[in-house]
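Have a look at the structure below, then the notes.
The values are calculated or read from the model by the stated rules, or taken from the named source; none is laboratory data. The model shown is predicted, which means the values in this text are computed figures rather than measured ones. Using ideal geometry, Cβ is built from the backbone for each residue, glycine included, and neighbour counts are taken over all protein chains shown. For accessibility, only protein heavy atoms count, side chains too; no ligands or nucleic acids. Shrake-Rupley method; radii C 1.70, N 1.55, O 1.52, S 1.80 Å.
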Amino acid sequence: MPPTGKSIREDLARAKAAFAKNEDLRTVQLIATALKAFVSVKLSSSDRIAVEGLLRENFANISKLPRVKKYAPHGIPYTKGQEKKLCAFLLPLAQKIADDINRESLDAMRERKLRIDHAVIKGSKLLGEGNLLEAQRNFRAAVEDYVDEKGLFPLIASKLIDAGHFKASFEYIKRAVEEAPDNPRAYDFLMTAAGKANEWVHAERILNEAGPKQGPHPLLDQALALVHARLGNWQEAQSAAKRALEADEQLLDARKVLAAAAKKLAAAPSPQAS
């Protein structure tokens with residue numbers, strides 16, 4: 001559909017809204033889009049006057065933007081009759097701003113990952129020195145910078161487990177299960193920490209809380225079956241093992257629990273009829 005006076009005015013209105021939200025790139029892109037449309041069609045005099053007024057206002061706005069000033073230090077005044085030249089300038093300007101933002105995002109990501117690495121290294125050093133409190137402060141600082149480094153939580157959990165701080169590892173094991181339920185290491189660490197600290201109820205709670213967030217998952221159900229077996233909840237253990245095996249019949253631990261649960265439940269005395 002060819003552009004109209006209405007569609008051009010709408011783009012320029014969106015540009016004003018983007019400017020108010022400090023969305024530099026979107027502001028420039030919308031003005032460039034409107035300007036490109038403006039030079040491609042012949043508008044009525046009333047439409048043309050309305051669009052020119054909006055262009056003048058929007059060019060005054062972008063002339064205030066630091067990202068624009070970088071490439072146009074004196075701003076970009078709107079000059080009637082020079083729309084084609086302005087369009088030829090704005091289109092590559094929008095690409096330069098996009099490149100700058102992408103570069104800044106990449107730099108910020110690198111800095112964030114570097115902060116995570118430093119926090120984990122410092123926390124590990126403090127843990128080795130026996131200072132759990134300060135180690136935890138650094139580990140939690142690393143977690144605050146987390147975006148998508150799913151290996152972070154198993155890494156910290158393993159360091160705490162290796163240092164004998166089994167209860168302290170649970171908060172990271174919980175996040176490991178929540179963020180990457182398909183990572184078997186998370187469940188291995190959970191079983192190790194729960195066994196060493198005798199915290200099977202805590203392990204059960206972690207899995208039950210993670211379940212609704214992730215939906216059905218065979219590894220989670222297998223771990224839940226193992227935990228229920230440790231707690232002697234054989235009916236629940238049997239149900240969890242069945243769910244795990246229905247999703248993945250290769251899960252050996254779930255198969256072992258299912259066999260053990262069948263024996264336990266078969267040997268259990270039948271409830272007395274009242």
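Summarised as an ellipsoid, segment 140-256 has semi-axes of 24, 16, 11 Å, derived from the eigenvalues of the Cα gyration tensor scaled by 5 and square-rooted, with the largest first.
Taking only C-alpha pairs under 8 Å that are 6+ residues apart, what is the relative contact order of segment 5-102 in percent? List each step's numbers first, then the result.
Numbers: 97 pairs, mean separation 30.9, N = 98.
Dividing the mean separation by the residue count of segment 5-102 yields 32 percent.
Pair-distance distribution P(r) for segment 5-102, from all Cα-Cα distances in 5 Å bins starting at 0: 2, 15, 27, 28, 17, 8, 3, 0, 0 percent.
The Ala60 and Tyr146 beta-carbon pair, evaluated with R₀ = 41 Å, returns a calculated FRET efficiency of approximately 0.50.
From the protein chains alone at 1.4 Å, what is the descending order of accessible area for Met191, Met109, Met1, largest first?
Working: Met191 40, Met109 75, Met1 215 Å².
My answer, sorted largest first, is Met1, Met109, Met191.
Checking [x] 1.12; [y] 1.29; [z] 0.99 against Rg/Rh (Cα atoms, Kirkwood Rh) calculated from these atoms, the matching label is [y].
Let me know the Kirkwood hydrodynamic radius for segment 64-167, please, with Cα pairs as the basis and the value in Å to one decimal.
On the way: mean 1/r = 0.0577 Å⁻¹.
So the Kirkwood estimate lands at 17.3 Å.
Of the accessible area of the chain, computed with a 1.4 Å probe over protein heavy atoms only, carbon and sulfur atoms account for 54 percent. Amide H to amide H, with H built 1.01 Å from N, Ser63 comes under 5 Å of Ile76, counting only residues 5 or more places away or on other chains.
Take Asp100: with every protein chain present and a 1.4 Å probe, its accessible area is about 10 Å².
Can you order the peptides 260-269, 50-59 by their average number of other Cβ atoms within 10 Å per residue, highest first? All intermediate terms of the calculation are to be shown ahead of the outcome.
Details: 260-269: 11.9, 50-59: 18.3.
Sorting 260-269, 50-59 by mean packing, highest first, produces 50-59, 260-269.
Helix 24-38 sits at what angle to the longest principal axis of the chain, using alpha carbons and giving 0 to 90 degrees rounded to 10? Taking Cα atoms only, the helix is inclined about 40 degrees. Using the Stokes-Einstein relation with a Kirkwood hydrodynamic radius computed over Cα pairs, the translational diffusion coefficient of segment 78-136 at 10 °C and a viscosity of 1.306 mPa s comes to 104 µm²/s.
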